Every structure is written in structure tokens, then in C-alpha cells.
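Here's the structure, in C-alpha cells; my notes come after.
The values are calculated or read from the model by the stated rules, or taken from the named source; none is laboratory data. Not measured: the values here are computed from a predicted model. Methodologically, a virtual Cβ is constructed for each residue, glycine included, from the backbone with ideal geometry; neighbour enumeration extends over all protein chains shown.
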């Protein structure tokens, strides 16, 4: 900015300004990404707030009636208690309501259940998220690694049978919705052949939760089918992405140049093709990972697996919107956060976007 | 002539779904040892295909259909390049023949530093000397092409300008002391001053290290300035070959004559130059007989009917024209 | 043009299957009308000539149910694709071509939609709105899907508008309308057509998913509703499994067909391949 | 009374600064054009030459109105131009543009007919289709693509580079401009066909008395097309030497021009100048934070200490040169003999 020259260079304020400016110049890339993410988060908050306002009827009213019956107090008092407990007053001025909602979020309070006391979005995340993350991140990383290995291979053998098979697999797995895959596995492997359990995260009757071998084994055992279903569906997508990316890279001049330099095909494959082809996939992987925090709603409901997704769909069906809001905001927040992290790591992976 | 490479009746085909495309047909040419030989021709003339056949890096799906490519090192049996196995090729490439690509701008791996790529190439070719020694070798070469080695070595390709990258590639091509360097349009995307610098560096390399060079270009002025021998290619065939001065003075082939006559210069009489009429041949649909007849000012009926033989003169120069000596 | 389409195997097969679905949707209900009343004597009948897909727990013909429901399934898909493509490409072109503040605002909004997971929001919308027509469901399932298309089209427009042939239009004083509709649009039309089919695919998946959770099954013959009802009856019973597999198989066949069309169109319209 | 030719277009003190955001608070500024003054006369061919990054294309785009200069004024036939978007100017369509990449300059999904028809129709709303068709026939004859129908119905990728470049010329002249800016029109064309394109441009210049601004990095083709015209040698956003092309090539005065001309290869093995170029380094200076004085200072062999601080134009008998230390620069021709 031009008027920085008007400051006397010697005053401490000008010095401070220059230090601040230098800081901004140096970390321009990261700072602008962070600023963008904060803006997106704020806008997301606003949007979810208005989604809440769209709900017809008065949830506080029903909650107050419940409290009235429970505690035997007057309806007015019960209503006040309800308002306090729900952090939600339908008669409140919309701006103030927004500020309260906003300050709640800032303090990390994602919202309380209307139906059950002592249940909040925060407590649900604490108990459900680990299960969701266990399932989906296992599945994600299995499908990612299988996908890039197969994708890299078929890109180099485009005329072979493997590529044709991969194409068919990509088409099929892209056409079978994940819930159908889950249903098929449940029907066949669980009900028909009884190889795996069909439901739940572990057998509460035979094992005790904690760090003990039978429990861990049982959790893994129950996780098999969901992870398998999820991986089967998603691997195709990763194969497709990796194959496309590799084919693009193989057409680049530096591959031909590396060949002309007499480098072995192993070196070319690993250090030239894969390294470059993986760059765009890192972003996709980050986005996919961020998406995990919302839980896989249908998948978890088919396996009756107590993750966040099952919780969300259950709460929606029982119209417990306060919690639903919180959970949806949480997953949106995580997507933004993970994307931000990926963008911050990216220059470190790809020297082309590195800034001095 | 003491040849380092002999192309003998080389045919290079691209088998496509419906027909086969003859990118290079029946080209015989000798590349002189220790000299600079230029191949000049327009797009589609087959010059790049021919030269990449020398290191067997023809773009897919091209194949050497027939003919021999002999690489004759000093005091050793000629190597049949077209018969080398994949393993033998790996040690042949870059150690005997290296190449500076037309697309030098994108010939370096974008995610590795210059140093990493230099060292990798040395290691892959079995150089087991200590790292410091290898690094010194890289620095020496970069200084040779007038670059600041400390800055360049740790740079990533995108941090270099076009002219710098081109010089890095030239240094790179010298890395394993090859006998021959192929230069494919080494200055196409660069401006004249950078171009002039690069040619003086190349000439110095040729003189001091005695490395033979094969340069592909579409610009006949560069040939005049830089090369010792020149082969003129058109429609996948060699039209004329000879020492640069001879070719420019004698202009045996009508195409050569047209090409030189159509190139504007900053000193010669402008009113004398005139274009070659017509368009370059479609490689998928070459004319019968002599490939040049549709554009030739000396055209006679027999040019359409029979393909001319290549006449070889006592001094080794060649001309492929029925009306030779017109 | 027709010859070029028929020479593309993927596209031909895909289009033929899709045409069959359309035919079934329009003509099917006339030939095989569906009777929703329970027939107590015909519960869980196996496949037969009279009931090609058997009957359900109330003795109703599954084959006829599916034919009756096809209309609702494809209407949702069609409307949703129209909405997605209209909103996505309008905003994408606007954002990319106008640039500046408009671009920033549209992209900020698009980013929200891309961050918040779609499916839970579909469920919320489906539960707070009363969805009783294909159009309403289509609105719900396209409420989020436009964002990805918007961003992709914006990127294309951004690169196109810097291309020489758009620049020269400005020098020649061609109007903005001409530039957008006559110069830009033809270049992204193939992309939009392909995304129309892709939007249909995801709309079917999303709508069936919503119904599977038990929301918005306003039309009991909609395939999603059949699946949901069969699942509700318990999958331990193989008869219910059988009923549920018919609509799901039909969905998969349609998905494969649509994918073939997408791949075929991509091959046919993609300029990269055309130049070669 | 002395007759003074009124210039067709006048560029006065044109500056162009590109800004690139380098942080949330500050911008990096690239001074791409600095105090460019240029008069273009009716019917002349004027050439802009220089290496990549010298601002010649930016200047071309300013002349066509695609870019609005950061400061400075442009007058077209005495009327001030304020950029493309303003409707007020009457000098509608008087400047046209021929771009370098003929493939990129034509919409790949529209036929040649569509690409040529639309601009004519936009300019002449009242014309009927047959009137425009006649005009197209005529244009195709002028540019030498016959039979017209056969070319008009094709898509750009079905034509060769030379043919497409001709189409671009037809499109440019179809709006009857006074001035055509041609940005490296032949650099992507095969050598054997360049000359016929240049000849076509020359004939258009004669036939319609259109002015051409020919932008190129190649002095040989420039000399051919602007045979009797002027040349502006540009370096880092400034016109360092301007004069008749004959004189500038024969005896260049600016140190940069001397290096440039010596660097141009000559298609004749007898003229090989093997000497080093008269330059200190081949490194181009940065466009941000330009020095106060001469921008060529770092590379110049003849500079003095004062050059770092100041630089001004000097008039020599043959040219206008941006060099304040001209006495030190040799003035003998680079080559002994010259043809016409």
C-alpha cells in the first residue's frame, strides 16, 4: 500500500507495521487460505442457523410439556426451563438468537437434545465418532492403497486384460450404490452363510469394552462387513482416478526424457509416474477424509452400526433437530478443516506451489 | 567420411487402426564423427522421428519397420541400435547418445530438484563415486553452460526460466560424456539473443570436447550458422545431404532451393526471395512418385510417375531428384 | 451424426437400455396396470408367468409394482437433473464470466454447499418438508448437487474466456450475449450434457437412499419405497430379500446404462480425442 | 505551407502496470510498459520487435483496446479512446487484431462460416444474409482460399495452419478497419508458407491502405514485411530505438539493438559472425522495482555511471534512441554488405 511511505521510518508504530506487513507477505499463501476457511465456516454457521428456523412448529412447546409433566411445575416455568435447556427460544429476536447460537458454537457447544436430557451433540460426537472413524478410515485407506496400486498398474498396461477388467469393475462399482453393496453382503455373508455378524459394533454379551484382546478381536470381526462393503464400492473410484492421472503423466515429456536418460523402468514408474500422478489424488484423499466425519448414514443404518451416521438419521427421524444441527455443523467444520490442512501441506508435497 | 552413426535404409512406421503411416521411409544418412550435422525440415518431415529412433524413443506406436541403425564407437564393433535389448538400451542411452528435447521446458521431473535428477542419472548408470565427487561433476558442467551451479542445483524446474532450463538440459546431456548429442529444435521457444548464446555454448562443447552433434531444426538460417553437414528432409524422405556450404551453394534439390529462397534474411536482397507454393504434404496421404512434385517449379510428367533414386556424389553428398543436374 | 453415435458401442448400448426404461415408464402401466389392493390368497408367491417377479407380503404383484413406480423414479431423476444443470451451469457461467465480486460471492456460497455433507441435509429437508410429488423430491436432491457442477463449469469458463477466440470477439465488439451463448456455450455444452446424465444417476441414488431411511415414501410403488418396505419386513426372510433385489437390480442396470452413455458421450464429444 | 500528416493513432505516455497480490495487504507491481510514445500513420506498416517479455504483445493489446493502460492516452483519428467497453466512441471497429495461434483464435466448435458471419452481421445489422454471403465470397477470394464454400463449411481443425491464418486475416479485414495489429502471425507456420502469408499482408496493406502493426521477435521476417516502414525495438517495456527499418538494421545505434541484430542468424554460411554478442550478461532484469535510469544498464558494455541514474531519448540522423551515452556506442554497421 502506497501510504506506508508517509510514516516516519523511525517511529515504533511504523516499525511494528513493517514487521506485521513482512509477516503477511511471508505467509501470504497460508494466511489467505485460513482466511477463506474462516469465512466459509462463518457462512456455514449462518446457513445452518436458518435451516433450523425453517422447522415448522415449536419444538420448545413439546419439550416444555414433557418437563411440566415430569417436574410438576406450571407450564410457563417449564417453558422457561425448556428454553434454557435447549438454548432456543422461538419468541426471541432473530438477531439475538443468532448471537446466542453463534456464541454457543464459538464455545464449542453444538446443541442439546430436545428429546433426551443430558444428551448433546458434543456427547454424541464423543461416543459415536470413534466408531465411524474406525470403520470409514479403515475402508478409505484400504480402498485408496488398493486403488492406486491397481490404477498405476493398469495405466502402464492399457492394452492388457487387467485394464479391461478394471474398466468393468469401475463401471460396476460406480453403479452399485453403497447401500446395495451393504445389503448384498448382509444378505449373503451374514444371513445366508453366517460368516460374519450382520449388525452392531461388538457383541455386548460376550466381551467387555476396554483394551483387551477379545474386545478388539470382536470389534474387528464386526467391522469386517461394513469395511468390505465400503471398500468394494470405493476402490473403483480410486482406480479410475489413479489410472487417469497416471495416463496423463505418462504422456508428459519428462517421462520420455527419463527413458532417454536410460533410467530403469522401475525408477521411472516409482519416482516419475507415481510421484507425479499422486499429487492430485492427495487433494481427493483429503476431501474424502474430511467427508468421513459426517458418517456414512445409509451404510451405518444397514449394519445398525452405532456411528455418527446412524445417530444423524435416527435423530432426524425422531425430529431431534437441535442435535442434528450440531452434528451437521460439526461435519461441515471438519471438511473445511481437513481441506485447509491439505492445502497447507500441499506446497510441501508439490514444489510448484511452494512460496518463498 | 568417418561416421559415428549410420542410418541405412531406415523405415519407421506407425501402424494405426485402418492404415499404416510411413513417418520415415528409406532414409540412409551418415552422421560425421566430431562434427555437427543438421536435419532440416518442416513439421511432419520425419526428422524428429528419425533422430529418436537412434535412442529407440520413438513415440507410441511407432516402430522401426526395417533398415539398420549402426552406432560406431571409436575402435569397437558397430552397435546395431535396432537390435539392442531393453537392458542394453538402458546403458546405451545417455552414456553413448544423449538428447536435448524440443520440449526442454518440460523434460525435467517437476517434483525433483535439478541435483536429484543429475545424481539419479549418474547412479542409475552405475556411478559409485562419493557424493561430493558427483556433485562436483554437476557443478563443473553447469558452470560450463554459464549457470550459477549452487543456485541451479537446488532449484526445482519451475523456478528456472526457459533459457536456463535449456542450458540445464545441455549440461545434463553432457553428464555421462556421451559420444553424440541429439538436439531437437533446441531453441524454438527462445528469443534470438538466448538462441545465439546457446549456439555459442554448443559450438564450444563441440570444439573442446569433440562431441558429435545431430541437430533438428526447421530454420535454415540456424543450419547456416551452426552446422557442418546438413540433411534436408521432406515428407519422411531425405531429399538432399551434403556439407553445409555445398548445399547452400549448389542447391541441388528443388526443395532445398525453394527453402533457402523462401527464407528472409536481414542482409540479403529482399526482392529475390519468394515462397514455395502449395502446402506441406499430408503424411497420411503422400503423393505418388516424388513427394515434392506438387510444389516443385521444375515439375515434369515423369516426376509423378516414378520415385527418384538417391544419387550419391563422390564427396558423399546425396540428392533425391529425377531432374538432378537440371 | 447418427452414424457416429451408432459406431460408438458404449453409447449405443447405454442409450438402448435407457430407451427401454423410458418405454416401460410410459407404456408399461397401460399394459400391466397395478392393483394396490391386498390379495390374501397370493402372499409371497414365487415367480410365475402370471407374476414374473412373484408377489409380496400382501399378495401384490411385484413386477406390476415396479412398472408402476418407474414413472416416479425417472421423473425425480429427470427433474433433479434439470434443476441441477440449470442452477449449476447458470451460476457457474455467471461466476466465471463476470468475475470480481459476483464471482467471490457465488464461490463463497458454493463452498458452503461443498463442505456440508449432502445426504444428512437431504434427510433433514425431507423430514421438515412434506414431500409428496416427484418435483418436491427432485428439489431436495438437487439442493446440494448443483454446487460441484457450478465449480467445475466456472473453471472451464475461466479458462475459455481467456482464450484467443473470446478475446477477439471483444475486439470485434460482439455483444456479451453473443459471446456467452454463441461462443462459450457450444464449448461447454458437451460437458453439460454429460453432467445431466451424471446428475440423473446421483438423483436416483439419493432419492432411493432417502426412502430407504423411511422418509418421503409418498408413492409406495416407487422403487425406493419398495426397497424400504421390504427391508422393514426383515431381511431374515428370504422372500423379502427377493422382493428387494428386483428394484435394486433395475437401479443398477440403469446406473450402468447411464455410465455407458456418459463414457460414450465423453468419447464422442470430447475435443481432445476429436483433434487426434 | 508545410503539410503535416495527421497520425491515425497516437499513443501518449502509455504506462502499464500489472499487479499481483503478494499478500493480504500488499501488491507486487510489474511495470510492463513505461512511457511509450508512438504515432501510427495511415497506410504504414510499423513493426514492434523485441524478446519475449519486452511488452510488445501488451502494447499490441492496448492498441486494439483489449487492455486499458494504467496511464496515458490513446487517440484514434484525433479522438480519445477510453477502452473497449465504452459505447461512446465512434471509432467502432477501426482497429482489428490477428493473433499468433490461429487454432486458438477460432472457436473450435463453430464452422469458419459461423465465425466469419457473426462479426459482419453484428456490425451491419441491416444486411441480408445474401449480402453477407457475397461479402464472404469476396473476402475468400482476397485471401486466396478457393473455392470459398469448401473452406467456409469446415471446422478450424480441418484446416492447415496457413489456411487458418488466412481466415484470421479475412476476419480482420471483414470489418473494414483502418489498422490491424498482427501479433507474431507467422511464427507458428511452416517456413515454406510464411512468405506467402507475409505477401498477403503486404498486398492487403496496399490494396486497402490499411495500417499494420506487425509484432514479432524475428527481425528477418520483420524486415521483409516492413521493408519501407518503421521499426520499434522494445526492451523491458520501453521503445529503445525507433527508425526506418533499413537504417536500424544497417546501422543500429542502441546497444541492445546492436546485440539483437548480431544475434539474428543469416541463411548463408558465408556470413557467420562468430564473435561474442556485445552484452555483459544474458540475464533479463526484473520488471518490478525498475531502476531509475537505463533499464539496459546491467547488460550494457558501453554504460557509464550516470546511466544508472538517468536516461533520455536522443535523436540521431536516422533514429530516435533511448540512450543518453550514445557517444560510447560504436556506429559502424554490423555487416559490411546489404541487399535492398
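Is it the case that some residue within the stretch A:203-219 is away from every other protein chain (no Cβ under 14 Å), over 27 Å from residue C:224 (Cα atoms), touching a residue at least 40 places away in the same chain (Cβ under 8 Å) and assigned to a helix (DSSP H, G or I)?
First pass over the stretch A:203-219, keeping only residues away from every other protein chain (no Cβ under 14 Å): A:203-219.
Narrowing the set further to residues that are over 27 Å from residue C:224 (Cα atoms) leaves A:203-219.
Keeping just the survivors that are touching a residue at least 40 places away in the same chain (Cβ under 8 Å) gives A:219.
With the extra rule that they be assigned to a helix (DSSP H, G or I), the set shrinks to A:219.
Yes.
Whether any residue in the stretch D:50-65 is outside any strand (DSSP E or B), away from chain B (no Cβ under 14 Å) and touching a helix residue (DSSP H, G or I) at 6+ places or on another chain (Cβ under 7 Å) is what I want to check. Before the answer, list the steps.
Restricting attention to the stretch D:50-65, the residues satisfying the condition of being outside any strand (DSSP E or B) are D:50-65.
When the remaining residues are screened for being away from chain B (no Cβ under 14 Å), the result is D:58-65.
Okay, now just the ones that are also touching a helix residue (DSSP H, G or I) at 6+ places or on another chain (Cβ under 7 Å), so D:64-65.
Checked against the condition, which is being outside any strand (DSSP E or B), away from chain B (no Cβ under 14 Å) and touching a helix residue (DSSP H, G or I) at 6+ places or on another chain (Cβ under 7 Å), the stretch D:50-65 yields at least one hit.
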- [ ] Report whether or not residue C:155 is within 14 Å of chain A (Cβ to nearest Cβ), modelled with pLDDT under 90 and out of contact with any strand residue (DSSP E or B) (no Cβ under 6 Å at 6 or more places or on another chain).
- [x] no
TODO: Within the stretch C:144-162, track down each residue that is buried (at least 19 other Cβ atoms within 10 Å of the Cβ) and not in a helix (DSSP H, G or I).
DONE: C:144, C:145
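For the stretch A:238-253, enumerate the residues that are under 26 Å from residue A:339 (Cβ atoms) and either buried (at least 18 other Cβ atoms within 10 Å of the Cβ) or within 14 Å of chain B (Cβ to nearest Cβ) (or both). I'd like the intermediate steps shown before the answer.
Quick first cut of the stretch A:238-253, residues under 26 Å from residue A:339 (Cβ atoms) only: A:238-246, A:248-249.
If the condition is that a residue be under 26 Å from residue A:339 (Cβ atoms) and either buried (at least 18 other Cβ atoms within 10 Å of the Cβ) or within 14 Å of chain B (Cβ to nearest Cβ) (or both), then A:238, A:239, A:240, A:241, A:242, A:243, A:245, A:246, A:248, A:249 are the ones that fit.
So which of C:26, C:53 is in contact with a strand residue (DSSP E or B) (Cβ under 8 Å, 6 or more places away or on another chain) and either buried (at least 19 other Cβ atoms within 10 Å of the Cβ) or modelled with pLDDT of 85 or more (or both)?
Values: C:26 fails: in contact with a strand residue (DSSP E or B) (Cβ under 8 Å, 6 or more places away or on another chain).
Only one candidate qualifies: C:53.
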Task: Within the stretch B:235-283, considering residues that are out of contact with any helix residue (DSSP H, G or I) (no Cβ under 8 Å at 6 or more places or on another chain) and facing chain D (nearest Cβ under 8 Å), the one surrounded by the most Cβ atoms within 10 Å (Cβ to Cβ) - done: B:268
Task: Positions within the stretch C:165-178 being buried (at least 18 other Cβ atoms within 10 Å of the Cβ) and out of contact with any strand residue (DSSP E or B) (no Cβ under 9 Å at 6 or more places or on another chain), in sequence order - done: C:165, C:166, C:169, C:174
Open item on the list: Testing residue D:299 on (1) modelled with pLDDT under 90; (2) away from every other protein chain (no Cβ under 11 Å), one condition comes back false. Which one is that?
Closed with: (2)
Open item on the list: Scan the stretch D:167-185 and tell me whether some residue there is within 30 Å of residue B:284 (Cα to Cα), assigned by TED's automatic domain parsing to the domain that holds residue D:47, part of a loop (DSSP other than H, G, I, E, B) and in contact (Cβ under 8 Å) with a residue 40 or more places away in the chain.
Closed with: yes
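Residues that are surrounded by fewer than 22 Cβ atoms within 10 Å (Cβ to Cβ) and away from chain C (no Cβ under 11 Å): list the helices (runs of 4 or more DSSP H) wholly contained in the stretch A:254-326 that include at least 2 such residues. Talk me through it step by step, then tell me what you get.
Working: elements: A:275-291, A:297-302, A:308-317.
Ranges flagged: A:275-291.
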- [ ] Please work out which one of (1) part of a helix (DSSP H, G or I); (2) within 13 Å of chain D (Cβ to nearest Cβ); (3) out of contact with any helix residue (DSSP H, G or I) (no Cβ under 6 Å at 6 or more places or on another chain) is the condition residue B:208 fails and give its number.
- [x] (2)
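What helices (runs of 4 or more DSSP H), lying completely within the stretch D:200-264, carry at least 1 residues that are under 19 Å from residue B:192 (Cβ atoms) and more than 15 Å from the chain's Cα centre (by Cα)? Steps first, answer last, please.
Values: elements: D:219-225, D:245-250, D:255-263.
Here the list reads D:245-250, D:255-263.
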Open item on the list: Can you tell me which residue is surrounded by the fewest Cβ atoms within 10 Å (Cβ to Cβ) among those in the stretch D:150-166 that are part of a helix (DSSP H, G or I), within 13 Å of chain C (Cβ to nearest Cβ) and in contact (Cβ under 8 Å) with a residue 40 or more places away in the chain?
Closed with: D:157
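What about residue C:141, is it out of contact with any strand residue (DSSP E or B) (no Cβ under 7 Å at 6 or more places or on another chain), touching a residue at least 24 places away in the same chain (Cβ under 8 Å), in a helix (DSSP H, G or I) and more than 10 Å from chain A (Cβ to nearest Cβ)?
Details: out of contact with any strand residue (DSSP E or B) (no Cβ under 7 Å at 6 or more places or on another chain): yes; touching a residue at least 24 places away in the same chain (Cβ under 8 Å): yes; in a helix (DSSP H, G or I): yes; more than 10 Å from chain A (Cβ to nearest Cβ): yes.
For residue C:141, the condition - out of contact with any strand residue (DSSP E or B) (no Cβ under 7 Å at 6 or more places or on another chain), touching a residue at least 24 places away in the same chain (Cβ under 8 Å), in a helix (DSSP H, G or I) and more than 10 Å from chain A (Cβ to nearest Cβ) - is met.
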Task: Positions within the stretch D:257-271 being within 13 Å of residue B:266 (Cα to Cα) and either within 7 Å of another protein chain (Cβ to nearest Cβ) or modelled with pLDDT under 85 (or both), in sequence order - done: D:260, D:261, D:263, D:264, D:265, D:266, D:267, D:268, D:271
Open item on the list: Kindly evaluate residue C:166 against the criterion of being part of a helix (DSSP H, G or I), more than 7 Å from every other protein chain (Cβ to nearest Cβ) and touching a residue at least 24 places away in the same chain (Cβ under 8 Å).
Closed with: no
Open item on the list: Out of the residues in the stretch B:168-194 meeting the condition of being under 24 Å from residue D:266 (Cβ atoms) and free of Cβ contacts under 8 Å to residues at least 60 places away in the same chain, tell me which one is nearest to the chain's Cα centre (by Cα).
Closed with: B:187
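Among the residues of the stretch D:106-132, how many are facing chain C (nearest Cβ under 7 Å) and not in a loop (DSSP other than H, G, I, E, B)?
Restricting attention to the stretch D:106-132, the residues satisfying the condition of being facing chain C (nearest Cβ under 7 Å) are D:106-110, D:118-119, D:122.
Filter once more, keeping what is not in a loop (DSSP other than H, G, I, E, B): D:118-119, D:122.
Residues meeting the conditions: 3.
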Open item on the list: For the condition within 8 Å of another protein chain (Cβ to nearest Cβ), in a helix (DSSP H, G or I) and modelled with pLDDT of 85 or more, what is the one hit in C:248, C:244, C:212?
Closed with: C:248
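Just give me the residues in the stretch D:133-146 being under 22 Å from residue D:182 (Cβ atoms) and part of a helix (DSSP H, G or I), in sequence order. Give the steps one after another, and end with the answer.
Looking only at the stretch D:133-146, we keep the residues that are under 22 Å from residue D:182 (Cβ atoms), and these are D:135-136, D:138-145.
Within the stretch D:133-146, D:135, D:136, D:138, D:139, D:140, D:141, D:142, D:143 meet the criteria.
Do we find that residue D:39 is modelled with pLDDT of 90 or more, in a strand (DSSP E or B) and over 17 Å from residue D:171 (Cβ atoms) in this structure?
Details: modelled with pLDDT of 90 or more: yes; in a strand (DSSP E or B): yes; over 17 Å from residue D:171 (Cβ atoms): yes.
When the stated conditions are applied, residue D:39 passes them.
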- [ ] Can you tell me which residue within the stretch A:183-202, out of those that are closer than 28 Å to residue C:247 by Cα and in contact (Cβ under 8 Å) with a residue 60 or more places away in the chain, is farthest from the other protein chains (Cβ to nearest Cβ)?
- [x] A:200
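Tally time: how many residues in the stretch B:53-62 are modelled with pLDDT under 90 and in contact with a strand residue (DSSP E or B) (Cβ under 8 Å, 6 or more places away or on another chain)?
Of the residues in that region, 4 qualify.
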Open item on the list: Which residue is surrounded by the most Cβ atoms within 10 Å (Cβ to Cβ), if the candidates are limited to the stretch B:286-315 and must be within 13 Å of chain D (Cβ to nearest Cβ) and out of contact with any helix residue (DSSP H, G or I) (no Cβ under 7 Å at 6 or more places or on another chain)?
Closed with: B:295
- [ ] Name every residue in the stretch B:93-138 that is facing chain A (nearest Cβ under 8 Å), modelled with pLDDT of 90 or more and part of a helix (DSSP H, G or I), in order of residue number.
- [x] B:120, B:121, B:124
